[in-house]
Amino acid sequence: MRRSMAVRWASRSVCAGVGLLLAALSARPAEAQQNRWAAVAVSPTTGFNGAAKGETSRASVVQGALQGCAAGARDCTVVDSAVNGCVALALKTNPLYYASGIGPTREAAAANALAACTSQGGNGIECHIEESPCSSDDLRWASPLPLPPGGQPGSVDRALVGLWKLNVNSGIWVWQISANGTYTFHSEAADSTPPHNGTFTASNVYYTLHAISMTWEDQGTYKMQGSTAVSMKGKLGTGTWVRIASDPDP
């Protein structure tokens, strides 16, 4: 329930059927001993949420998180903030539960948020991470999400494990595929494409994808082009992803 739940794809055939928007770890370079903040806000009645990061005061980052949440709800409240660290928001619907967590890394904050959500009535599958900003994240892009739970180790062709990019006319999309059977995606282009994550399988040229942070399913075929590129063909078309890193798993 981010600011936009609609999947928007570029208007070219580079739209990979994989429908993926992944997590590249786009953190800003360290700045000389200057405290920076991150915060998350949520609507207790709807679950709509917002996040902000990179501000030098808590008041500024709180205002940013509330503004993001207010795009879809009127009863938004800040649930957590962190200085020189990361904060995450976990959410479950039907019925609605939410919880936050703080940590020195995105993965640690997410783990704490998921644990808190579970203790409030969710479980490890139903609760999922909606926001995970870090104070050092690049202000130009939406904060990436950590790898989600729920994958099946060994269900992904090792040739696909790693960090990938897809060139679009205004920038790149970034897709991280993990050996544990999960993926994350985000856009670093000016196209308003929302980040999402979920589970992923791939073997014998066929793949399946199931998003858990939004409604999206896909399946199709893939063809490796050496070790540095892969052509993905799914229900939205065909696109060639180029490898950024071999194995960025935490």
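A few notes on this one:
- Residue check for Gln152: polar (S, T, N, Q) and part of a strand (DSSP E or B): no
- Residue satisfying condition, being more than 21 Å from Lys53 (Cα to Cα), of a type in the set (A, V, I, L, M, F, W, C) and buried (at least 16 other Cβ atoms within 10 Å of the Cβ), within set Leu114, Leu166, Leu145, Leu91: Leu166
- Test: Ser227 is surrounded by 14 or more Cβ atoms within 10 Å (Cβ to Cβ) and either modelled with pLDDT under 90 or out of contact with any Leu (no Cβ under 9 Å at 6 or more places or on another chain) (or both): no
- Residue pairs meeting the criteria (Cβ under 6 Å; at least 6 apart or on separate chains; first part of a loop (DSSP other than H, G, I, E, B), in segment 187-199; second buried (at least 18 other Cβ atoms within 10 Å of the Cβ) and charged (D, E, K, R)): Pro194/Arg2
- Options Ala108, Ala65, Ala99: the member that is crowded, with 21+ Cβ neighbours inside 10 Å, under 19 Å from the mean Cα position of the chain (by Cα) and in a helix (DSSP H, G or I): Ala65
Residue-by-condition table, conditions (1) under 20 Å from Ala142 (Cβ atoms); (2) hydroxyl-bearing (Ser, Thr, Tyr); (3) exposed (fewer than 14 other Cβ atoms within 10 Å of the Cβ):
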site: Thr184; (1), (2), (3): yes, yes, no
site: Asp191; (1), (2), (3): yes, no, no
site: Pro195; (1), (2), (3): yes, no, no
site: Thr201; (1), (2), (3): no, yes, no
site: Lys235; (1), (2), (3): no, no, yes
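- Taking segment 97-115 as the range and being aliphatic (A, V, I, L, M) and either under 20 Å from Pro144 (Cβ atoms) or modelled with pLDDT of 90 or more (or both) as the test, the residues that pass are Ala99, Ile102, Ala108, Ala109, Ala110, Ala111, Ala113, Leu114.
- Only listed residue being assigned to a loop (DSSP other than H, G, I, E, B), aliphatic (A, V, I, L, M) and over 17 Å from the mean Cα position of the chain (by Cα), chosen from Ala142, Ala73: Ala73
- Matching entry among Ala41, Ala6, Ala16, Ala59 (being at pLDDT below 95 and either closer than 17 Å to Glu131 by Cα or not assigned by TED's automatic domain parsing to the domain that holds Ala189 (or both)): Ala6
- Residue selected from segment 46-62 under the condition among the hydrophobic types (A, V, I, L, M, F, W, C) and in contact with a helix residue (DSSP H, G or I) (Cβ under 8 Å, 6 or more places away or on another chain), by the criterion surrounded by the fewest Cβ atoms within 10 Å (Cβ to Cβ): Phe48
- Leu163, sole failed condition from (1) outside the structural domain of Lys233 (by TED's automatic domain parsing); (2) of a type outside the set (D, E, K, R); (3) within 20 Å of Ile212 (Cα to Cα); (4) in a strand (DSSP E or B): (1)
- Residue match in segment 179-186 (condition: outside any loop (DSSP other than H, G, I, E, B), over 15 Å from the mean Cα position of the chain (by Cα) and among the β-branched types (Val, Ile, Thr)): no
- Of everything listed in (1) modelled with pLDDT of 90 or more; (2) among the hydrophobic types (A, V, I, L, M, F, W, C); (3) at negative phi, the single unmet condition for Val205 is (3).
- Enumeration of residues in segment 126-142 that are within 24 Å of Thr201 (Cβ to Cβ) and surrounded by fewer than 17 Cβ atoms within 10 Å (Cβ to Cβ): Glu126
The values are calculated or read from the model by the stated rules, or taken from the named source; none is laboratory data. This one's a predicted model, so the numbers in the text were calculated from it and none came from an experiment. Positions of Cβ are generated from backbone atoms using ideal geometry, with glycine treated the same way; all protein chains shown enter the neighbour counts.
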